[in-house]
Amino acid sequence: MQGDTTKGIGVGDRRPARWRAIARGAAATVAATALSAGMWVVPASANPPTTETKLAEYTNPAVQIITTEYHATVKLGRIEFSKAGQQLIVRAYVKLLRREFGAGGFISYIFDRAQRDPARYLKETGRKRTQKLSAQFVGSGFIANRDGYVITARHVVTPDADVKKLFAESGAANFARADSKAWLKEFAKFDLSTGAMRNIVRTMSGFAQAKVHVDLGRPIVAVRLGVASGTGQRVGKNQPAEVVFRSDPALGADVAVLRIRVDGSLPTVPLGSDSPQQGEQVYINAFPAAATYLKDFSKASQLQPTLTKGSITALKTTSGGTPILQTDANAMPGSSGGAAFNEDGQVVGILVWGATDQNGSGAGQYYLMPLDVIKDALSRSGADLTTPSQTTVIYDRALDDFHSEYYSKALGEFQQVKALFPAHAYVDAFIAKSQTEINAGHDKTPPPPAQETGDGFGSLFGTPMIIVGIALVIVVAAGLTVVLVVLRRRPGMAPGGPGSDPGAQPPYGLPPTGGGPAGAALGLPQQPQVPMTAPQPAYPQAPAGSINPIATGMPVAPLTGPASATHPAGPPLEPPQQPANPLSEPTVEQPTDAPDVFPGWEPIDYIPSVPTTHSQESNT
């Protein structure tokens, strides 16, 4: 009896079975062909990392803290009344004799006028007193070359008038405290009023600020290289840095190239090939002081860079013709010199300035030196931009394999990185993670493909066989298409129907049910994803331009005395620990004052920074 039908298709109809058989046979054929050709299916990671996570993992090893330590001698002579001051005392004495005021009023009259113009009524005398002060300024940077060429902002490693001002204010405050104490003691017998004592202090402070002299020594520049510790955490090791290139502030660029010398192939980040356009995403990876140097953080935490995200909000040009990228990616003091990345993990700029309004408050817009300026600076420094760092090449490939769940393969690659650069700050953690995943049975590393030997059986499974396999897949697919077309044109036959032959075999030799190994296409080993790192681009020369900063990178805490800036950033950093036998002495030009030509812009790390202060008085 003919089976019941639904929408004209018999329940007992053999056509669905034939279609399933054909599909299974096709899957088996394609799978077998792919297997013989050495092709694998690329898996999707169970929990694929976000763009931000990948950027941090790929770029953190090369992002570094830049420290610049300054030492200054601050001088001021002993204080006494000048000729104008002596005349002021005579006038006060006459008023005292006339009984216009008492003894307390006598002193008040003198210092009420002296505090209005201390440099007129007081003068230095005798040999200079001296103080020895030091302060450490911090910024950010990144390693651009395996041989130790590091990019940062020029103002991070170059002193200017604001550095001298910081030392002058701190030294003047120290002198003023000492002189105020001595003069108050001298006039204590006059039964001073609170106002009189306040005017004495103001007079001493005003004179010290007006007359103090600062001799600024050569800055000591270092890269606080993030390296591995015995506990597997990132720790900082100061490497003396030579400043091999500074951009000319008259041309408007704010870039410097440093050189550190260490053993091994340093981790790097690749430079992009094109500058970003307006609206494109950009990521800044740097060390903002306010979010980095906090007393409640461990030292390892203070060495972790901060990644922020934004977009290019405008493409602008300075008055000197230098292109500038404007972004809303958040930045703070301490981030100057930090790298700006595109979504592929390539450097497209470095952070140099932040916009401020007329009240000095941040405007939420920041500025990047563009890619061409960076490449030009590296080229002028003699950096090799064509040979990639093997440490980074293998580390990036290992990260790709790790996120593809090829843990055994990634483990071997991470171990290669460890051998190339034993101090790598992050590889130990990934070695441990890879081993944990392997032990948990999560490894999906495919078996290695057969090696091509050029003759014998090896050549059958090499590149030529892959080509043959692909061609075979195409031929089989074409053949199956013809089969399907022919079958669709044949009338369907239900068991027991007219013209049916219950004992007949299915046409074309295909199995009636089940067919071949339909599951052969499932569970195949998987290929790693394509690494994120792009090929090294060419590096054209940058055009000449003009931008000037208004201040150098500032320290992270004020020197002894009144705070002189508006962005305190936590406790002092420890002074750099220089190695006993540094490989090279830093060479930095003598301090120069940068012109204040952009009063509305400030370098990003314009904050008081971490001093280690040593004060002393002498008669030299």
Could you go through the stretch 432-441 and let me know if any residue there is touching a strand residue (DSSP E or B) at 6+ places or on another chain (Cβ under 9 Å), farther than 27 Å from Arg261 by Cα and open to solvent by 20 Å² or more (accessible area, probe 1.4 Å). no
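Could you tell me which of the residues Asp401, Asp384 is of a type outside the set (S, T, N, Q), closer than 27 Å to Ser273 by Cα and within 22 Å of the chain's Cα centre (by Cα)?
Values: Asp401 fails: within 22 Å of the chain's Cα centre (by Cα).
Answer to the selection: Asp384.
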What are the residues in the stretch 309-319 that are hydrophobic (A, V, I, L, M, F, W, C) and open to solvent by 30 Å² or more (accessible area, probe 1.4 Å), if any? Leu315
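Considering only residues of the stretch 180-227 that are small (Gly, Ala, Ser) and assigned to a loop (DSSP other than H, G, I, E, B), which is least open to solvent (accessible area, probe 1.4 Å)? So that I can check it myself, show each step before the final result.
Within the stretch 180-227, the first condition is being small (Gly, Ala, Ser), and the residues that meet it are 180, 182, 188, 193, 195-196, 205-206, 208, 210, 217, 222, 226.
Still in the running and assigned to a loop (DSSP other than H, G, I, E, B): 193, 217.
Working: Ser193: 54, Gly217: 28 Å².
For the stretch 180-227, the residue satisfying everything is Gly217.
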Test: residue in the stretch 349-367 that is more than 22 Å from the chain's Cα centre (by Cα), charged (D, E, K, R) and buried (at least 20 other Cβ atoms within 10 Å of the Cβ): no
Any idea which residue in the stretch 134-179 is farthest from the chain's Cα centre (by Cα), counting only those that are of a type in the set (Gly, Ala, Ser), open to solvent by less than 10 Å² (accessible area, probe 1.4 Å) and under 16 Å from Phe245 (Cα atoms)? Gly148
Flag if Gly454 is open to solvent by 40 Å² or more (accessible area, probe 1.4 Å), in a loop (DSSP other than H, G, I, E, B) and modelled with pLDDT of 75 or more: no
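Could you count how many residues in the stretch 340-378 are more than 18 Å from Ile324 (Cβ to Cβ), out of contact with any Phe, Trp or Tyr (no Cβ under 6 Å at 6 or more places or on another chain) and modelled with pLDDT of 90 or more? Please lay out each step first, then the result.
First, pick out the residues of the stretch 340-378 that are more than 18 Å from Ile324 (Cβ to Cβ): 343-346, 357-361, 378.
Right, trim to out of contact with any Phe, Trp or Tyr (no Cβ under 6 Å at 6 or more places or on another chain) and you get 343-344, 346, 357-361, 378.
Cutting the leftovers down to modelled with pLDDT of 90 or more gives us 343-344, 346, 378.
Qualifying residue count for the region: 4.
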The stretch 297-354, subset in a loop (DSSP other than H, G, I, E, B) and hydroxyl-bearing (Ser, Thr, Tyr), residue nearest to Ala429 (Cα to Cα): Ser298
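Conditions tested, residue by residue: (1) of a type in the set (Val, Ile, Thr); (2) at pLDDT 85 or above; (3) buried (at least 23 other Cβ atoms within 10 Å of the Cβ).
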position: Ser247; (1), (2), (3): no, yes, yes
position: Ser273; (1), (2), (3): no, yes, no
position: Phe297; (1), (2), (3): no, no, no
position: Leu307; (1), (2), (3): no, yes, no
Test result for Val262, among the β-branched types (Val, Ile, Thr), within 30 Å of Gln416 (Cα to Cα) and part of a loop (DSSP other than H, G, I, E, B): yes
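Restricting attention to the stretch 389-427, which residues are in a loop (DSSP other than H, G, I, E, B) and open to solvent by 50 Å² or more (accessible area, probe 1.4 Å)?
Result: Pro422, single match.
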Confirm whether Ala286 is of a type in the set (A, V, I, L, M, F, W, C) and either open to solvent by 60 Å² or more (accessible area, probe 1.4 Å) or touching a Ser or Thr at 6+ places or on another chain (Cβ under 7 Å) (or both). yes
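The values are calculated or read from the model by the stated rules, or taken from the named source; none is laboratory data. All of these numbers come straight from a predicted model, not from anything done at the bench. Note that each Cβ is placed from the backbone with ideal geometry, even for glycine, and that neighbours are counted across all protein chains shown. Just the protein is used for accessible areas: all its heavy atoms, side chains included, with ligands, DNA and RNA removed. Shrake-Rupley method; radii C 1.70, N 1.55, O 1.52, S 1.80 Å.
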